[in-house]
1. What pairs come up if the first residue lies in region A:1-28 and is within 17 Å of A:S69 (Cα to Cα), the second is open to solvent by less than 50 Å² (accessible area, probe 1.4 Å) and hydroxyl-bearing (S, T, Y), and their beta carbons are under 6 Å apart, counting only those six or more places apart or on different chains?
2. So in region B:97-113, with the set limited to residues that are more than 8 Å from every other protein chain (Cβ to nearest Cβ) and open to solvent by less than 40 Å² (accessible area, probe 1.4 Å), which one is farthest from the chain's Cα centre (by Cα)?
3. Taking region B:71-113, which residues are part of a strand (DSSP E or B) and of a type in the set (K, R)?
4. Any residue that is modelled with pLDDT of 95 or more, away from every other protein chain (no Cβ under 14 Å) and over 17 Å from A:D31 (Cα atoms) - is there at least one of those in region A:94-105?
5. Could you list all residues from region A:90-111 that are under 15 Å from B:T100 (Cβ atoms) and either open to solvent by less than 50 Å² (accessible area, probe 1.4 Å) or among the hydroxyl-bearing types (S, T, Y) (or both)?
6. Output the number of residues of region A:50-85 satisfying the condition of being of a type in the set (A, V, I, L, M, F, W, C), closer than 29 Å to B:I5 by Cα and open to solvent by 10 Å² or more (accessible area, probe 1.4 Å).
7. Could you identify the single residue in B:D71, B:D56, B:D62 that is acidic (D, E) and within 11 Å of another protein chain (Cβ to nearest Cβ)?
8. Identify the single condition in (1) closer than 16 Å to B:R109 by Cα; (2) outside any strand (DSSP E or B) that B:L11 does not satisfy, given that it satisfies every other one.
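The values are calculated or read from the model by the stated rules, or taken from the named source; none is laboratory data. Everything numeric in this text was worked out from a predicted model, so none of it was measured. Cβ coordinates were reconstructed from backbone atoms using ideal geometry, including for glycine residues, and neighbour counts include every protein chain displayed. Remember, those area values only see protein heavy atoms, side chains included, never the ligands or the DNA or RNA. Shrake-Rupley method; radii C 1.70, N 1.55, O 1.52, S 1.80 Å.
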Amino acid sequence: QQQVKQSPQSLIVQKGGISIINCAYENTAFDYFPWYQQFPGKGPALLIAIRPDVSEKKEGRFTISFNKSAKQFSLHIMDSQPGDSATYFCAASISGNQFYFGTGTSLTVIP
Amino acid sequence: AAGVIQSPRHLIKEKRETATLKCYPIPRHDTVYWYQQGPGQDPQFLISFYEKMQSDKGSIPDRFSAQQFSDYHSELNMSSLELGDSALYFCASSRGQGNTEAFFGQGTRLTVV
């Protein structure tokens, strides 16, 4: 059973465009929602994370929007660059215990 | 900055053999997590340790065991290897129980032939 549902599975965006990846969860006990970026053959790298008491968090070109009532959160990548091409995973955890990952989104940014 | 170190990076084993994967967390990190990632799959949680004690357990097969040592490094022991065990194995570390920023290592690619 997938605890965190992620969409889309793949995404193609033009350079300079906005990439949007969405995730949804059911377990209201989740209290930490990170996003990881993974390049082929590499480990997931923590990009940005949010807690449910905050509706939005921005770090550089990356923004997480969080909707607690809808149990949804999303990653926005502004001014997408070819170097952003990677697989992105959303995740959720309870107090830093095991992370439940989404199924991943393969992002391709076309020059 | 120091990152999570995993060794070996690549490992090829035959069916029914045993493998040991090692993880060295970021200095001063006392929590270690192990994940298994199949091709095109999301990472699946196996097991975690905090202060050398098992803190959480996921979908780890009985053929696998793990421990965290006094220097906080961790080892994942895998016995009676099966073809289906072929995957990327990631270790992640964080500081403090309940601390949520977890950093992943580069992974060990295990191939069972």
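1. A:V4/A:Y25; A:N22/A:S74
2. Checked region B:97-113; the qualifying residue farthest from the chain's Cα centre (by Cα) is B:V112.
3. Scanning region B:71-113 gives a single hit, B:R109.
4. Within region A:94-105 (the criterion being modelled with pLDDT of 95 or more, away from every other protein chain (no Cβ under 14 Å) and over 17 Å from A:D31 (Cα atoms)), the answer is no, since none of the residues qualifies.
5. A:C90, A:A91, A:A92, A:S93, A:S95, A:G96, A:Q98, A:F99, A:Y100, A:F101
6. 1
7. When all the criteria are applied, what remains is B:D56.
8. Answer for B:L11: the failing condition is (2).
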